[in-house]
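For reference, the structure is listed below as structure tokens.
Quick note: the coordinates plus some simple rules give every number you see, no bench work behind them. Quantities reported herein were computed from a predicted structural model and do not represent experimental measurements.
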Amino acid sequence: EQKVRGLLNKLTMVRFDSISDQIITWANKSEREKDGRTLRVVINLVFEAVTDIATLPELYARLCRKMMEQISHNIQDDGIRNAAGEPFAGGQLFREYLVNRCQEDLERGWVDKETTAVAAATRTTQVTAIKKAKLKTRGEGSDFYSEDSYTVAKAKRRRLGLIHFIGELFKLQMLTERIIHSCIKKFLGSPEDEEIENLCKLLTTAGCLLDTQNSRADLDVYFSRMRELTKNKNVNARMTFMLQDVIELRERGWIPS
């Protein structure tokens, strides 16, 4: 884990070929296994880097594409089999692991979001009570630093990084449209600030490729809902401008201004 994490930290566009080759070499150690555990560790570390490190998700999406294409065909997982009863192996196994991890992180993110929000609200109430008590007994205020604010911000950054990464994977044809549509519907179903920001990030990243003849009717529905949100007084100005930027982006044929 330390070796691969170190390589991921060094990964740049300039050093992409040499560093990615070394990462694939580590992943290929799964050839000696029957459950692909080393390959899964490498994938987990990629997701960790995407969500924890301030870097470009497209770089890691490109790494995943190369890994899928070049991973050893001798790597297999006896616990995952295709319709013919044969174990998934090589690039097919890598993609299966990748898709499963994306779905798990998305579901975990939505659950963690609710849990974190409740914990932060409880902590805020407690801090407010303590502050009032100190003001009453000492006649002066105290500066409070709540770790909850940092925790909430970090969780938000992780989810936004994951959404950007998912969009980049879709652009490289590693994820299906079904997953992207599922995310969009989820975000539109609960239009809080964070969900709107995630929606705009996903559409800005992958909307161009999603806006095809087969999916155009669905996008028309999504954008109709987004226009409604721009008129909703409960949506703050920052989110309204963000929605308008994406709406205008589509109107320009997905050509950046």
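The table below gives the values:
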| item | result |
| --- | --- |
| Semi-axis lengths, Å, region 145-257, gyration tensor of Cα atoms, sqrt of 5 times eigenvalues | 24, 18, 12 |
| J(HN,Hα) series, region 66-79, from Karplus relation 6.51 cos²θ - 1.76 cosθ + 1.60, nearest Hz, glycine and proline x | 5, 4, 4, 7, 10, 4, 4, 6, 7, 7, 8, 10, 5, x |
| Kirkwood Rh in Å, taken over region 17-101 so that all alpha-carbon pairs contribute | 13.0 Å |
| Cα extents of region 196-245 along the three principal axes, largest first (Å) | 33, 18, 13 |
